[in-house]
Amino acid sequence: MADRVTVIGWDGTPLTAAARSALGAATLVAGAAHHLALDELPARAEKIRLGSVALAARRIAAHRGTAVVLADGDPGFFGVVRTLRAPEFGLEVEVVPAVSSVAQAFARAGMPWDDAEVVVAHRRTLRRAVNVCRAHPKVAVLTSPGAGPAELGLLLQGVHRTFVICEELGTEREQVSVVTSDNAADHTWRDPNVVIVIGGTAAAADTGWIMGREPTRGTRGWALPAAEYGGDIWLGEGENDRLRAAQLARLGPRPGDLVWDIGCGSGAFTAEAARFGAAVIAVDRDPDALGRTTAAVRRFGVQAQTVHGIAPHILEDLPEPDVVRVGGGGAAVVSAVADRRPERIVTHAATRDAAELIGRDLSEHGYTVECALLQSVELDTRAWREEKRTVAFLLSGRLPDRSP
C-alpha cells in the first residue's frame, strides 16, 4: 500500500504551497493528460493517465511510496475521493481542495447557486439528468463525452431552457456561451464543460436554509383536499384525495423520474408528483384541464409540461416514462402505456368488470398486478353525518425486470 496518498484539486490557478509540497515528494502521480503536463510534476515520479479511477486506485494501493492524484476542481465534490476511499482499496487520503467547477461556472455567470440542483450526466444517467432539468428551474450539469450540451438539448425537446455553457474552466481556452436549449445541438462543445440549465417557473426566492430544492415549500402535506385545487367542481372521477394518496404511494415519484399523468383533470396529481421532485408530463384532451394544471403547478412553485391531445395516439411522441398514472382512457390507454414498459403504472376503474379487463391486460404485458377496492366516506364532524361516499378499484402494475 502507498505510504501516503494526497488528492490535489486543480482549478487552473497556481498550486498552493501544500499542494506543491505534496507533489514534490510524490513517487507516483495520477491525473488527466493536462494534469500530467504541469511543470510542477517531479521528473522521476511514475505517471498514470487517469481513465478508470478504480484501476488507478488498484495501482496506487500496490505502490510503495508516496502517491498524488490530481483532479479538476474540488475532488470531494462528485470527484475521485469517494472511489479512492472505497473499502476494497483500503486507502486513507489527504485532500487539498480547489474551487469546484460548479462554483466556478456560477461565478462566471454571476449567479447564486445555493438554490441549484447539481447532477452528473454520463451516458447511462443522461436521461435522469435531463428529467431533473425538466423538473427544476436551476440545475448545474457536470457533463461527460456523449452526455454534453448537445445531448441535453436534444432530450429536452418540447421544454424551453437557457443553457450557460462553461468550457474548459480555469484554462487559457476557457469560454462561456449562452444559448437556448433547442440550439445547443447546432454547436460542437469542448470537454470538460459545465452546463447551467435555467428556465421554467421558479417559486418566490428567499434566503433559504438548505441547498437545492426547498423540501417544505408551499402547503404542508400530500394528497391535498379538493379545496387546494379549485374545489370539488374540478375534481372528476378518480381524483379524490384518498385515491390520489394511494396512487402516489404506488408510483413513488422521485427526482430523476419522468412521470406521465394521462387525463390530468384538475392538475392535482401532476402538482403533487412534481412536488416530490419528479419531472411530469400532463396530458389531456381538454384545454381547460391543461389550464387548471398549469395554474396548480405554478401555485406550488413546481414545473410540469402540458401536452394537448387524445391518448393513446398523443403518447407516441413523448419521451420514455418511468412511472405512469392513467386518469382516463380505460383499458386501451393502459395497454398503450404498458407497451412503453414503464416501471410502474397506476389507474382506477369504476366497476369490477373494467378492473378485471385492465388487470388481465397488464398481466399479459408482464406486469405484477395488484387491485384493491377503495371506499372512502367523508363525515361532517359537527353532526357525525355522512356527506359523501366514494368507491373505486385501484389497480397498480409493477414491471419486475425494471424494479430495483
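The values are calculated or read from the model by the stated rules, or taken from the named source; none is laboratory data. From a predicted model like this one, the values you see are computed outputs, not experimental measurements. Note that we place each Cβ from the backbone using ideal geometry, even for glycine, and neighbour counts take in every protein chain shown. For the accessible areas, the whole protein counts, side chains as well, though only heavy atoms, and no ligand, DNA or RNA atoms are used. Shrake-Rupley method; radii C 1.70, N 1.55, O 1.52, S 1.80 Å.
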Next item on the list: Stick to Cα atoms and the Kirkwood definition of Rh, then tell me Rg/Rh for the range 85-211.
Entry: 1.00
Next item on the list: Kindly give Rg over Rh for the range 31-91, based on alpha-carbon atoms, with the Kirkwood expression for the hydrodynamic radius.
Entry: 0.94
Item checked: As computed over the chain, the Cα convex hull volume per residue (Å³) -> 167
Next item on the list: Counting only trypsin sites (Lys or Arg not before Pro) that are in a DSSP loop and have at most 12 other C-beta atoms within 10 Å, tell me the longest site-free stretch of the chain.
Entry: 221-381
Check: Based on the Cα atoms of the range 121-176, what semi-axes does the equivalent ellipsoid have, where each is the square root of 5 times one gyration tensor eigenvalue, given in whole Å with the largest first?
Finding: 20, 13, 10
Notebook entry, point to check: For the range 1-77, which whole-number percentage of the solvent-accessible area (1.4 Å probe, protein heavy atoms only) is attributable to carbon and sulfur atoms?
Noted result: 52
Next item on the list: Apply the Kirkwood formula to the range 297-337: the hydrodynamic radius equals the inverse of the mean of 1/r over all pairs of different alpha-carbon atoms; give it in Å with one decimal.
Entry: 11.8
Notebook entry, point to check: When the dipole is taken about the Cα centre of the chain, and only Lys, Arg (+1) and Asp, Glu (-1) are charged at their Cβ, what size is it in debye, to the nearest 20?
Noted result: 780
Check: In the P(r) worked out for the range 242-352, what percent of Cα pairs fall beyond 23 Å?
Finding: 17
Notebook entry, point to check: In Å, the Kirkwood hydrodynamic radius of the range 307-404 over pairs of distinct alpha carbons?
Noted result: 14.7
Check: Hey, what's the chain come to in accessible area per residue, 1.4 Å probe, Å²?
Finding: 48
Notebook entry, point to check: Taking the Cα centre of the range 269-363 as origin and charging only Cβ (+1 Lys, Arg; -1 Asp, Glu), how large is the dipole, in debye to the nearest 20?
Noted result: 360
